[in-house]
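The values are calculated or read from the model by the stated rules, or taken from the named source; none is laboratory data. Everything numeric in this text was worked out from a predicted model, so none of it was measured. All Cβ positions, glycine included, derive from the backbone under ideal geometry; neighbour counts span all protein chains shown. Ligands, DNA and RNA are excluded from the accessible area calculation, which covers all protein heavy atoms including side chains. Shrake-Rupley method; radii C 1.70, N 1.55, O 1.52, S 1.80 Å.
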Amino acid sequence: MDQDKSSSNSSFEDLTSTAAELEKLPEKPEEKVQEDVMDILGNGQLTKKVIIKGKEEQKPLTGDVCKITFEGKLEDGTVVEKEENFLINVGEHEVCQGLDMTLALMYPGEKAEVVVSPRFAYGSLGLKNDRDTTRNIPPDSTISYTVQLISCEPEDESQTKTFENRKIIGNRKRERGNFWYNRSEYNLAIQLYRRALEYLDDSEGSPETSLESFTTSQLQELLELRIFVYNNLAAAQTKIQAYDTALKSIENVLRVQPENVKALYRKGKILEAQGDTNSAIAIFQRAATLDPTNKSFQTELAKLILKRSREMRNEKDLYQKMLGHAQKLEQKDKRKVDTCTVVNWRPWGLLLGTVLVGVAGVAMYRYKYF
């Protein structure tokens with residue numbers, strides 16, 4: 001009996017010990033953490049883990065205005081990005097791609113940890129911070145963001161198209177376009193420049209948001225920003241060889257500022273790319289006259305004049321070759337005609353000789369027998 005009791009106690013103690021050990025094992029907590037992590041792309045390159053749940057309301061849609069606070073760190077803990085109450089339009093490339101994609105999956109009020117691989121962060125170029133070099137992002141860096149979606153709502157045109165908001169949002173998108181342009185992401189730059197123009201150009205919305213309600217000084221301020229955008233837009237369009245649309249963008253500048261030397265320079269480069277050397281020379285001559293100290297105009301002008309001289313020489317050589325070839329063909333055709341004439345007379349000569357011999361034979365016969 002004592003042995004049974006002892007055995008029973010021993011068995012109970014073993015179970016208790018096993019349960020305690022199981023509770024200490026890390027497998028279950030690790031499985032729970034894995035369940036909380038969303039692998040957005042299914043390849044581990046973009047993940048989201050909820051820290052604070054948000055309100056289960058409408059998630060952001062493309063173009064919605066979102067207010068976010070975020071902080072980005074490298075793997076060694078160095079803070080490289082930090083913004084508070086930052087306003088963006090979701091899906092318009094105003095933050096790194098991975099963070100932009102994740103915002104569309106968050107609820108208002110939600111706070112999350114987002115890990116972005118280099119491919120969806122700043123890639124092999126990294127990111128240089130001109131204001132604070134300690135925040136430079138090295139090439140091929142994985143960034144961990146702590147981001148909170150404070151609010152999200154559709155864009156209200158009556159609010160966003162006031163003068164101040166037009167200027168702020170349009171300028172913000174222009175600067176973001178410049179960011180993508182400097183990274184050679186020209187298609188993204190073009191998207192941002194076009195969005196900037198929607199705020200800086202004439203409104204197609206309600207009369208309350210029309211540019212007609214602004215003062216002369218306000219219109220002038222928006223016009224100057226719009227000229228910057230069109231100039232940059234033309235540069236990006238030229239990079240992707242969309243020369244016709246780039247030329248239209250430049251004309252929007254020159255229509256307002258015919259002596260804008262930057263626009264003239266870009267127009268000259270576009271015309272050169274289209275092969276219109278003479279028109280390009282005329283544009284660069286005009287630009288050089290307006291800004292005689294600008295060496296780049298002189299350089300482009302000299303290069304184009306040399307190019308035109310070479311083209312004219314090549315054209316002359318081509319004409320001479322064509323003329324020489326034509327003369328050879330003419331001589332060849334003439335020899336052929338002469339040969340054909342001689343050849344064509346031979347049968348007639350033989351025929352005539354035969355006839356004469358026949359006539360002579362008949363004459364002799366008749367003379368002999370008659």
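Here residue 83 meets each of (1) under 22 Å from residue 191 (Cα atoms); (2) surrounded by fewer than 19 Cβ atoms within 10 Å (Cβ to Cβ) with one exception, condition (1). Residues that are over 21 Å from the mean Cα position of the chain (by Cα), of a type in the set (Gly, Ala, Ser) and not in a helix (DSSP H, G or I) occur in region 254-277; there is at least one. If you go through region 202-218 and pick out every residue that is part of a loop (DSSP other than H, G, I, E, B) and modelled with pLDDT of 75 or more, you end up with 2. Restricting the first member to region 91-118 and to residues that are closer than 20 Å to residue 75 by Cβ and without any contact (Cβ under 8 Å) to a residue 60 or more places away in the chain, and the second to residues that are surrounded by fewer than 19 Cβ atoms within 10 Å (Cβ to Cβ) and of a type in the set (Asp, Glu), the beta-carbon pairs closer than 8 Å and six or more apart or on different chains are 118/140.
With the structure loaded, tell me whether residue 285 is more than 30 Å from residue 168 (Cα to Cα), in contact with a Pro (Cβ under 9 Å, 6 or more places away or on another chain) and assigned to a helix (DSSP H, G or I) or whether it fails that test.
Numbers: more than 30 Å from residue 168 (Cα to Cα): yes; in contact with a Pro (Cβ under 9 Å, 6 or more places away or on another chain): no; assigned to a helix (DSSP H, G or I): yes.
So residue 285 does not fit the description; no.
Of the residues making up region 236-262, just one is buried (at least 19 other Cβ atoms within 10 Å of the Cβ) and farther than 25 Å from residue 185 by Cβ, namely 260.
Which of the residues spanning region 130-139 are surrounded by 14 or more Cβ atoms within 10 Å (Cβ to Cβ) and not in a loop (DSSP other than H, G, I, E, B)? If the condition is that a residue be surrounded by 14 or more Cβ atoms within 10 Å (Cβ to Cβ) and not in a loop (DSSP other than H, G, I, E, B), then 135, 137 are the ones that fit. Of all residues assigned to region 182-194, none qualifies as being open to solvent by 70 Å² or more (accessible area, probe 1.4 Å), free of Cβ contacts under 8 Å to residues at least 60 places away in the same chain and under 24 Å from residue 303 (Cα atoms). For region 140-171: of the residues being open to solvent by 20 Å² or more (accessible area, probe 1.4 Å) and charged (D, E, K, R), which is modelled with the lowest pLDDT? Per the criteria, the residue is 157. Within region 35-58, restricting attention to residues that are over 17 Å from residue 98 (Cβ atoms) and basic (Lys, Arg), the residue that is modelled with the highest pLDDT is 53.
Might you check whether a residue that is at pLDDT 85 or above, hydrophobic (A, V, I, L, M, F, W, C) and over 31 Å from the mean Cα position of the chain (by Cα) occurs anywhere in region 278-299?
Step one: list which residues in region 278-299 are at pLDDT 85 or above, which gives 278-299.
Subsequent filtering for residues that are hydrophobic (A, V, I, L, M, F, W, C) retains 280-284, 287-288, 290, 297.
Next cut, over 31 Å from the mean Cα position of the chain (by Cα) only: 290.
Within region 278-299, one or more residues are at pLDDT 85 or above, hydrophobic (A, V, I, L, M, F, W, C) and over 31 Å from the mean Cα position of the chain (by Cα).
The set of residues from region 86-112 being open to solvent by less than 30 Å² (accessible area, probe 1.4 Å), assigned to a strand (DSSP E or B) and of a type in the set (A, V, I, L, M) comprises 88, 112. Filtering 239, 262 for residues that are touching a helix residue (DSSP H, G or I) at 6+ places or on another chain (Cβ under 8 Å) and at pLDDT below 95 leaves a single hit, 262.
Being more than 24 Å from the chain's Cα centre (by Cα), open to solvent by 60 Å² or more (accessible area, probe 1.4 Å) and over 20 Å from residue 85 (Cβ atoms) is a condition met by no residue of region 113-129.
Do the conditions hold for residue 265, that is, is it under 27 Å from residue 175 (Cα atoms), touching a residue at least 12 places away in the same chain (Cβ under 8 Å) and open to solvent by 40 Å² or more (accessible area, probe 1.4 Å)?
Details: under 27 Å from residue 175 (Cα atoms): yes; touching a residue at least 12 places away in the same chain (Cβ under 8 Å): yes; open to solvent by 40 Å² or more (accessible area, probe 1.4 Å): yes.
For residue 265, the condition - under 27 Å from residue 175 (Cα atoms), touching a residue at least 12 places away in the same chain (Cβ under 8 Å) and open to solvent by 40 Å² or more (accessible area, probe 1.4 Å) - is met.
Pairs linking a residue in region 219-232 that is more than 16 Å from residue 258 (Cβ to Cβ) and modelled with pLDDT of 95 or more to a residue that is charged (D, E, K, R) and assigned to a helix (DSSP H, G or I), with Cβ atoms under 6 Å and 6 or more positions apart or on different chains, are 229/174.
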